[in-house]
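See structure below.
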Amino acid sequence: MSENTQQIAPESRLSGPDSPEIIRSEVLADLFEASAARVPDKPALLFADRQLTYGELNAAADRVASRLIADGVRPGQIVGLWLPRGIDLLVMQLGIAKTGAAWLPFDADTPVDRIKVCLDDAESAGLVTVAHIDELGRRCWLSDELQAAHPGPLSHRHDARPGDPAYVIYTSGSTGKPKGILINQGAICHFLRSENAVLGIRQDDRVYQGFSVAFDMSFEEIWISYLVGATLWLAPKEVATDPEALPIALIDNNISVLHAVPTLLALFADDVPCLRLINLGGEACPQAIVERWARPGRQVFNTYGPTEATVSASLAELHPGQPVTIGRPLPNYGLLVIDAVVESGLRLMPQGETGELCITGPGVAAGYLGRPDLTAEKFLANPWATTPHESRLYRTGDLARIDETGQIHCLGRTDDQVKIRGFRVELGEIEATLTRQPGVGTAAVILRQDDGIERLVAYLIAEDAETGALEAIFRQEAKLSYSLLRLVNSAAIAPRTPITCFAQAINLLGRRQLQRWLQLLVYADPNNGQHPNPLLQKAAARGRLLELLAPAMPSLSAEESGDTAFMTGVFSLLDTLLSMSMSEILQQLPLPEMVHKALAEHSGPLGELLRAISAAEGGDLKFAAEQLEKLGIEGERLLDAQMAALSWAAKIRPSQTA
C-alpha cells in the first residue's frame, strides 16, 4: 500500500455489506427454472388478454432454446433480439438465456442500419425477430417458428458457466459509434440477488414491466420478478406511453411494485395507492418527487449505477424532508471518490471533497467489445482492493462527494455525457448524426430543464438551406435514427447568422462552463416548441466572433490586453457584424476604422451594459452594480453571456479575464 493511501481516511471509500453467500456459480436460466419448478402454476406474464404461468413460460422458452441449439447457438455466442413489446419478446429473451448464449437487445423503434452496426460489431450469430431482414447479411430466426410445437425431444444447454456472456448493451459513443458493454452470467445473477436483498420484492408482488429490454433497468422489473416468482404485468404501448392512462391502469391491475425514471412519476396526475414500493433510477431524482410520492406504507428507493457495473451499484431509501442522494453501495459493491486527474496515479479524495466516482465489485464488466483503448482508460486495477471481487474498478465519469453521514451525492459529469429518462447519451453522437444531413452546417445539443422536466434541445444551423427545409431534415432524421433522436424534445432552428456563432462556440468552451446561462438561451412556446432568445444569442455570438477576429487585429495582442475600452469597442463592432455573413466578415479583416467608428457611435442600454462590464473589470464594482440595477433582469442575463464571451477571449488573451 502506498504512502498516500495510508494517509487517506477510510470515509473516502464505502463498501456495501459483505455477503459472500449471494456470489454463486449460476446462470440466468438457473434462476428462472428454480422459480418455475417451485411455483409452476403462478402467473408469470400478463399482457392484454393473454397470460402465461411460470410452467407455461418455461415450456415455451424450452422450445425456443431447443431450436436455437439445434442451429448451433452455444454459450459464449451473442444473439440479437428485436421484437415489439409483448409476451413473445420475453419468451424469446428467456429462450436465448436457456441456450446459455447472450442476447443483444434492441428497442422496437431502432432503425435497421443501427441494428446492423451493433450486430456486426458484436460478431453476432444472428437475430431473433419477426421477419427476415436481408440487409443485415446474417441469420434471422422468426419468433413464430421458434415457438411452434416441437416434434421430438428437446435439446438443452451444456457447459454454461458464470463467466460466459449473459447480455450485451450498446450505449451512445462520443464519436458517433456506439460502444458495446458485455455483462457475464455471474455478474447479473449476483446483482439480482444483491439488489433484492435491499428492495425486498416478493412472490406475491405484481410488478409493472414498462422499460425497453434495451435498457438494463428492465432487469430489475423482469429478472428480479423471475428470481422470486412474482407476476409481471405488461402494459400495451398506447397505455405505457400515456401518462394519464398509465396510473389508472396500474390501479386497475393492482400493481404493487413500480420501477421507473423520475420523469414518469412527474407526469402522473394522480396517486397510485396500491403501490407499496417505487424504485427510481436512470436519471437524477428531484426532491419534489420524494415529497409527493413517499408516505407511510410505501417505500421509495433511488438507485444508481452505469451499465458497466451491471445495472446498479448503490441504493438509497428516500424520505420527505431529507436530501436526495444515491445512498450507499449494494451488498458486495464498493464506491470510491478519486482525483479525476489520474495521469500521475490514483488518489482517493478526502471525505467531503469532490472527485470522480468509481465502482468496484462482482458487477464490474470486463470492458468494451473491440475497444481495448477505451477499456484501458475506464477499467483499472484497484490499488485499494481487499477481496478478489474488488480487484478492478470502473471510472464512471460522474462527479461525486461523500458527506459526513456516508451518503454519496452525484454532482454532474466530467464529460459531455448525459442521462435522460434512463438512456445514457453522448451529446456528441446526436450532433454527429445531425451534421451528416445535407444542409446542416452546425448542430449543438444541450440538456435543459423546463418546469422540472429534463429535455434535450437540438440547435440546428442551416448551411445554405432555408429554415423550413432544415425542419424537414430534422423530422426525417428523427425517423432514420430514432433510437437517439427520439430523446430530443425539440429543435431551435435558425438561419446561418447569427446563431451559428453560438453553436460553434459551444464546442470551443465546453458545455459544463456554459450550463449556468445556456438555460436562458431559448424560451419555450407551448404551441410551437423551443425558440432562440435573440438577446442572449447576440451576446454569445460576440464571443465567437471576437475569437475569429482576434488573430487578424493587432490591437488584441497581449500587450494591449488591459485596454478594456477597446474591448468595449470590439463588442460594439460585433453588433454591426452580426448582420453580416461569416464570409463577408472575413473579407473585411483587419477592421481598425470600423472599430473606432463603433466606439464613437455606441449608445443605448447595450452601451450602458458594456460600460458596466468595463467598470467591473477595472475594479469599479459600485458603478457596475448601479448600471446593472438600471438595466434590470435582462441586463443581468446579458451580463452572464458577456462574461462567457470574455472567457472565450481569454483563450487568446488570458491576462484580460483572469
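Numbers below:
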read-out	value
Rounded if a/c under 1.5, otherwise prolate or oblate - region 209-270, Cα gyration tensor axes	prolate
Nearest-0.05 FRET efficiency for ASP270 and ASP113, computed from C-beta distance (R0 35 Å)	0.30
Portion, in percent, of the accessible area of region 227-328 that falls on carbon or sulfur, probe 1.4 Å	55
Pair ILE248, GLN287: separation of 7 Å Cα→Cβ label points (nm)	3.5
Paired Rg and Dmax values of region 83-146, which use every Cα atom, in angstrom	11.2, 28
Extent along principal axes [Cα atoms of region 225-353; Å; largest to smallest]	57, 34, 26
Whole-number D in µm² s⁻¹ for region 1-145, Kirkwood Cα-pair radius fed into Stokes-Einstein, 37 °C, 0.692 mPa s	186
Qualifying trypsin sites (Lys or Arg not before Pro) in region 194-288, DSSP loop, other Cβ atoms within 10 Å at most 16	ARG202, ARG276
Residue among PRO329, LEU267, GLY355 farthest towards the positive dipole end of region 244-392, charges placed on Cβ	PRO329
Residues in region 46-88 reached by a label modelled at LYS237 [backbone nitrogen below 16 Å; 7 Å Cα→Cβ]	48, 82-88
Neighbour cut-off at most 13 other Cβ (10 Å), DSSP loop, chymotrypsin sites (Phe, Trp or Tyr not before Pro), region 227-297	none
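The values are calculated or read from the model by the stated rules, or taken from the named source; none is laboratory data. Since this is a predicted model, take the numbers as computed values, not measurements. Using ideal geometry, Cβ is built from the backbone for each residue, glycine included, and neighbour counts are taken over all protein chains shown. Only protein heavy atoms, including side chains, enter the accessible area calculation; ligands, DNA and RNA are left aside. Shrake-Rupley method; radii C 1.70, N 1.55, O 1.52, S 1.80 Å.
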